[in-house]
Amino acid sequence: MSAILFDRIDEPGLNDIDTYERRGGYEALRKALAQPREGLLEELKASGLRGRGGAGFPLGMKASFIPGADIDKYLVCNADESEPGTFKDRELMQKNPHMLIEGMIIAAFTVDANRSFIYIRGEYVLQAEVLEQAIAQAKAAGFLGDNILGSGFSLDLVLHRGAGAYICGEETGLLDSLEGKRGNPRLKPPFPANQGLFQGPTLINNVETLATIPAIIRMGGSEYAKLGIENSAGTKLVSVSGNVQRPGNYEIELGMSSRDIIFDLAGGPDEGREVKFWFPGGSSSSVLTAADLDTTYDFDAMEKAGSMLGSGAIIVVDDSNSVVDVALTLASFYKHESCGKCTPCREGTTWTVKMLQRVQSGEATPMDLDIIASVQEQIIGNCLCVLGDAMAIPVGSLVAKFRPEFEAHIESARERNGLGITPPAASEEPVLSL
Amino acid sequence: MTEVTRFTHGSRIPGWDEPVDPTKAAAVIPDLANTPVPTELREEIQAEMAKYPVFRSALIPALHAAQRVHGWCSPEAIEQVAAVMGITPGEVAAVATFYDMFETQPVGSQAIYVCTNISCSLRGGPKILEAMRAAADGDADFNIRAFECLGACDMAPMASVNGEFVGPLTESDCAQIVADLKSGGEVLAAKQLRVRPCADQAGRVDGGQTTTSEVTQ
């Protein structure tokens, strides 16, 4: 396997610029600065790299949307990493911060942006300290600031700490937050490439995407594209967590079998336990079951299986867990994190939690499961951002795939809590209790 | 701490049903000359403001700084941030109330965030939260909160103790954490994220020449 991002990342002192340069760091930057911008853009396009933050949008195409006009342009690195189950960027930033910084300088040079920001989630205290120090070192070495390495290109890089809000991982919510406001997503279009930070054209990408750029420049875009499979080029950091014996980040070539990732790399569930279901791309992705374990892990195969690769976070749930608990934990999270701007999301997440609580306590009827399912359908696609969808998709898929278990849970909880087993007779006036 | 009264429809916002008074003067930006602000805080906020092309971007860093000084985003802290940044306290409060890490009530100085999101809850996160609360035994100095995914599911169940990530935790670790904090020592040194090796073989110093079990031994 070819390790690009994780190659000997545990080496002590790699977060120091001397060690990074000794290992060939900032060579890609020198190479890039000697090239015309159009050539760099072509390399990025040729690499076939798709965004690693969740949406999977091709990096080269996104960069090509930035207008060439002589106006203030911005580069923003999305290091808010708050999708449950995702922790890959954390390890990258903590252990190899200069790789991200080098990638950002090349990206900024490519789109001719002179100001750049890393928006890191507020909870990542250690990683922010490491990055702050790395940025200072890069400045002192002349890789940041005015006239970088005599190229005439100048770049300012500011590390901006967030303060705890899942919604700020959504790109337009992040931009509002970076402007010192509440992190409410914006209506799109206009997309950030046209009107983003401070109304200027903004290239915004995930940590892993930007950190891959030095490797692309070093290897050449077409050489990088040979990694992985068609339409899913390159390597991907996969965060495996939940009921596995060796949870952690693994760098894989896209197109690997999901079973190999979960069992060979992460060790699978504990002895005597079986995979009940798993989230292939963070808690926002539709769940897959044990029957889908042989699906290859790449963008297209996951979409075909009815889910998504997302941020590359695999959460494995074994058969000791109740599906109702998982659904309620998820829904409660999205209810807490909904920013409240769009009604379907704000109300939909709130009512889904209330209904799932009724399921858990045994107060619900099977009809409530239909209502839960229909509420999820009414959230999807009806909001400014995908936070509502991020709850509706997994919760909807849980109810659809494990409906008998939900029904059995309602029955047993009803008996356990002494709620009786006879629903009101049909002739009685239905009591509407809110 | 007084519990805010819930109103009939469940709102905790006093005055939600009162009509707006159009004759009332607009919110005023507090005058920096008349607002006492600790010099260091003022300088830190001003330094943050200078980093951005639009000064308002410094609001979140400014609130972090003010919270560090005051312990929480008190009305006084909000007034000071507003005065230095030249915006209304309302604008500052709107942002302070949006983000989880900003405390809008007085809290203890030891911040313990226990993750109870999906990956941690699959491995006993809620039990860790209970054990942590029991270990602190109501000590007002401890601010123990159930927190959303902190991005460290590889060490689930985990907690952030004053910003230091520790895990995987057992229930007995909780008493140790509380004791470590009381004695002012390092928190669970062996279980901190900063010493955790990469799970991927390729990440090892020797590029995967040793197996996982050899490294852990």
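Taking amide H atoms as placed 1.01 Å from N in the peptide plane, the amide H of A:Phe277 lies under 5 Å from those of A:Val317, each 5 or more residues away in sequence or on another chain. Calculated on the Cα set of region A:211-257, radius of gyration then Dmax: 12.9, 39 Å. The Cα trace of the protein assembly as shown gives Rg and Dmax of 25.0, 85 Å, the first to one decimal, the second as a whole number.
If packing is taken as the average count of other Cβ atoms within 10 Å, what order do A:90-97, B:129-136, B:101-108 fall into, highest mean first? List each step's numbers first, then the result.
Numbers: A:90-97: 25.5, B:129-136: 19.4, B:101-108: 16.8.
Taking the mean over residues of other Cβ atoms within 10 Å, the ranking is A:90-97, B:129-136, B:101-108.
Its Cα gyration tensor gives region A:1-60 an equivalent ellipsoid; the semi-axes, largest first and in whole Å, are 25, 18, 9. For the pairs A:Lys341/A:Lys401; A:Lys188/A:Lys341; A:Lys31/A:Lys88; A:Lys31/A:Lys236; A:Lys88/B:Lys191, note any where the Cα-Cα span goes beyond 22 Å. From the list (A:Lys341/A:Lys401; A:Lys188/A:Lys341; A:Lys31/A:Lys88; A:Lys31/A:Lys236; A:Lys88/B:Lys191), the Cα-Cα distance tops 22 Å for A:Lys341/A:Lys401; A:Lys31/A:Lys88; A:Lys31/A:Lys236. Using Cα springs under 10 Å in a Gaussian network model of chain A, which residue among A:Leu309, A:Leu131, A:Leu187 shows the largest mean-square fluctuation? Result: A:Leu187 has the largest fluctuation of those listed.
Altogether, the Stokes-Einstein calculation at 25 °C and 0.890 mPa s, with the Kirkwood radius of region A:86-201 over Cα pairs as Rh, returns a diffusion coefficient of 163 µm²/s.
With the convex hull of the Cα atoms taken as the outline of region A:17-226, the averaged projected area works out to 10.7 nm². Using the Cα gyration tensor of region A:305-361, with a ≥ b ≥ c the square roots of its eigenvalues, what is the shape: rounded (a/c below 1.5), prolate (a/b larger than b/c) or oblate (neither)? Note, shape of region A:305-361 comes out oblate. Once the gyration tensor of the Cα atoms in region A:323-416 is diagonalised, the equivalent ellipsoid follows with semi-axes of 23, 12, 10 Å, ordered largest first. Remark: relative contact order (region B:100-189) = 32 percent; criterion is Cα-Cα distance under 8 angstrom and separation of 6 or more residues.
Computed on the Cα atoms alone, the convex hull of chain B gives a volume of 194 cubic angstrom per residue. Measuring how big region B:69-184 is from its alpha-carbon positions, Rg and Dmax come out at 16.1, 49 Å. Note on A:152-164: average number of Cβ atoms from other chains within 10 Å of each residue's Cβ is 4.
Over the C-alpha atoms of region A:229-318, the Rg to Rh ratio, Rh being the Kirkwood estimate, stands at 0.93.
How much net charge surrounds A:Phe6 when only other residues with a Cβ under 10 Å from its Cβ are counted (Lys, Arg +1; Asp, Glu -1)? Don't skip to the answer; put the middle values down first.
On the way: positive: A:Arg8, A:Lys88, A:Lys95, B:Arg204; negative: A:Asp7, A:Asp10, A:Glu91, A:Glu251, B:Asp200.
Net charge in that neighbourhood comes out at -1.
Can you give the helix-only mean residue ellipticity at 222 nm for the protein assembly as shown, where every DSSP H stretch with n ≥ 4 adds -39500 (n - 2.57) and the sum goes over all residues, rounded to the nearest 500 deg cm²/dmol?
Values: 24 runs with 255 residues, N = 651.
Helices in the protein assembly as shown give a 222 nm mean residue ellipticity of -11500 deg cm²/dmol.
Bear in mind these aren't lab numbers, they're just calculated from the coordinates by the rules spelled out. Every value quoted in this text rests on a predicted model; they were computed, and no experiment measured them. Neighbour counts run over all protein chains shown; Cβ positions are idealised from the backbone, glycine included.
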